[in-house]
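A quick write-up on the structure given underneath.
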Amino acid sequence: MITLHDLQFKPFIAEEKISKAIDRLSDNLNEDLSAKKPLFIGVLNGAFMFVSEVLKRFNHDCEVSFVKLASYEGTETTAKVQELIGLKEDISGRTVVVLEDIVDTGNTIVELTKMLQNKGCKEVRIATLFFKPEAYTKEITLDYIGIEIPNRFIVGYGLDYDGLGRNLTDVYQLKQNNMTNLVLFGPPGAGKGTQAEVLKQKYDLVHISTGDVFRYNIKNATELGTLAKSYIDKGQLVPDEVTINMLNAEVDKNPDAKGFIFDGFPRTEAQAESLAEFLSSKGTEVSAMVALEVDDEVLVGRLLERGKTSGRPDDADEGVIRNRIKVYYDETAILKNYYQKQDKYFGVDGVGDIAEITERLSTVIDKL
């Protein structure tokens, strides 16, 4: 997450993906324009990084120029007048390739194409690094497109917010809201349930426990609960789609929530990706995976002690306890790697009294 002026932006497109997109686009330019000696026109200020990368990859004779479109008030009858600034070359009979950092509504492309055609160029081709098809309303065909993106406000790779962000080599999108969404993990006996309740109250979050959601849906014979029970009764695993739909329904029940604590979900990378996709459709994302870390021997001791009063047989057998802990680590390792790649994994010491552990968790959450 980065902050520019008063707004927060979250990672959106990595430099590696951008570079590969420019590779593909430049390959097409090389194939189409090898004998045309094109004039590349970069639209300032945003296209400077894109232009430099395209030129590095273009293997034939070419020229480059940077231009700006300026508007000024005309007479009462002409209203606003557009002026092309910076073009010194004679473009009569030439192939001109406009290099844009981003095309959304297409207004700039329309005006620029008209001006270039009026100056007598043979053909105008349009190449854009980013394209927002949802926002594009013009009839002009874009000849070369790097990456299609949703209609979101982005910065980086030449694009700015009030002057800042152009130098970033990754692209970031505006964080839509300030929701805090936690994926909370902890091995058996780590006190995850206790901390979930404390954090729920402290940060006014909605606690969604997979086990509780399953029990509610099955007990109340909802459509999803009945479907889940049909798999359970056959001794089969409930498909991810059913589980995800249950959790999505829980999120939808709380449209004004300040955020969610997901407890017991996701368990696989596929589930994590489904959760990310669903939250993205709501204009938010997983803020962090927070895992309580406790030494195995401490966990075994806690659970054996709990077994003396809980009546749960799986808390009384040390072999069963150690296997439960092993299963937890096997499952968590996949997700730990998944969220670490996004800089969203945080391990927190789970040894101490409740208040101490809550303070450690809060230190992480307060920085998100």
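Screening segment 128-149 for residues that are in a strand (DSSP E or B) and in contact with an Asp or Glu (Cβ under 9 Å, 6 or more places away or on another chain) and picking the one that is farthest from Val54 (Cα to Cα) gives Phe131.
Residue count for segment 259-285 satisfying the condition of being closer than 16 Å to Tyr345 by Cβ, open to solvent by 20 Å² or more (accessible area, probe 1.4 Å), touching a residue at least 12 places away in the same chain (Cβ under 8 Å) and part of a helix (DSSP H, G or I): 1.
In this structure, does Val81 turn out to be open to solvent by less than 30 Å² (accessible area, probe 1.4 Å) and either modelled with pLDDT under 95 or assigned to a strand (DSSP E or B) (or both)?
Details: open to solvent by less than 30 Å² (accessible area, probe 1.4 Å): no; either modelled with pLDDT under 95 or assigned to a strand (DSSP E or B) (or both): yes.
Judged against the criteria, Val81 is not a match.
Determine whether Asn118 is under 26 Å from the mean Cα position of the chain (by Cα), without any contact (Cβ under 8 Å) to a residue 12 or more places away in the chain, over 30 Å from Arg306 (Cα atoms) and loosely packed, with under 12 Cβ neighbours inside 10 Å. Against the criterion (under 26 Å from the mean Cα position of the chain (by Cα), without any contact (Cβ under 8 Å) to a residue 12 or more places away in the chain, over 30 Å from Arg306 (Cα atoms) and loosely packed, with under 12 Cβ neighbours inside 10 Å), Asn118 does not qualify. Can you pull out the residues in segment 286-314 that are open to solvent by 40 Å² or more (accessible area, probe 1.4 Å) and more than 17 Å from Lys326 (Cβ to Cβ)? Hits for segment 286-314 are Glu305, Arg306, Lys308, Thr309, Ser310, Gly311, Arg312, Pro313. Please specify each residue of segment 320-346 satisfying the condition of being modelled with pLDDT of 90 or more and under 22 Å from the mean Cα position of the chain (by Cα). Listed by number, the residues that qualify are Leu335, Lys336, Asn337, Tyr338, Tyr339, Gln340, Lys341, Gln342, Asp343, Lys344, Tyr345, Phe346.
Listed by first and then second residue, the pairs with beta-carbon distance under 6 Å, at least 6 apart or on different chains, first residue in segment 354-368 and under 15 Å from Gly186 (Cα atoms), second of a type in the set (A, V, I, L, M, F, W, C) and surrounded by 15 or more Cβ atoms within 10 Å (Cβ to Cβ), are Thr358/Val198; Arg360/Val348; Leu361/Val348.
When Ala127, Ala135 are checked against the criterion of being of a type in the set (A, V, I, L, M, F, W, C) and surrounded by fewer than 18 Cβ atoms within 10 Å (Cβ to Cβ), a single residue qualifies: Ala135.
Among the residues of segment 19-56, those that are touching an Asp or Glu at 6+ places or on another chain (Cβ under 7 Å) and assigned to a helix (DSSP H, G or I) comprise Ile22, Phe50. If you go through segment 219-258 and keep only what is open to solvent by less than 50 Å² (accessible area, probe 1.4 Å), part of a helix (DSSP H, G or I) and under 30 Å from Gln201 (Cα atoms), you end up with Leu224, Gly225, Val242, Thr243, Ile244, Met246, Leu247, Asn248, Ala249, Glu250, Val251. Consider Lys200 carefully, then state whether it is among the charged types (D, E, K, R) and surrounded by 14 or more Cβ atoms within 10 Å (Cβ to Cβ). So Lys200 passes the test.
Check Val67, Val96 and return the single one that is of a type outside the set (Asp, Glu), in contact (Cβ under 8 Å) with a residue 40 or more places away in the chain and either over 28 Å from Leu174 (Cα atoms) or in a loop (DSSP other than H, G, I, E, B) (or both). Can you show your working first?
On the way: Val67 fails: either over 28 Å from Leu174 (Cα atoms) or in a loop (DSSP other than H, G, I, E, B) (or both).
None of the other options fit; the residue is Val96.
The values are calculated or read from the model by the stated rules, or taken from the named source; none is laboratory data. Keep in mind it's a predicted model, so treat the numbers as computed, not measured. Here Cβ is always computed from backbone atoms with ideal geometry, including for glycine, and neighbour counts include all displayed protein chains. Accessible surface areas use protein heavy atoms only, side chains included; no ligands, DNA or RNA. Shrake-Rupley method; radii C 1.70, N 1.55, O 1.52, S 1.80 Å.
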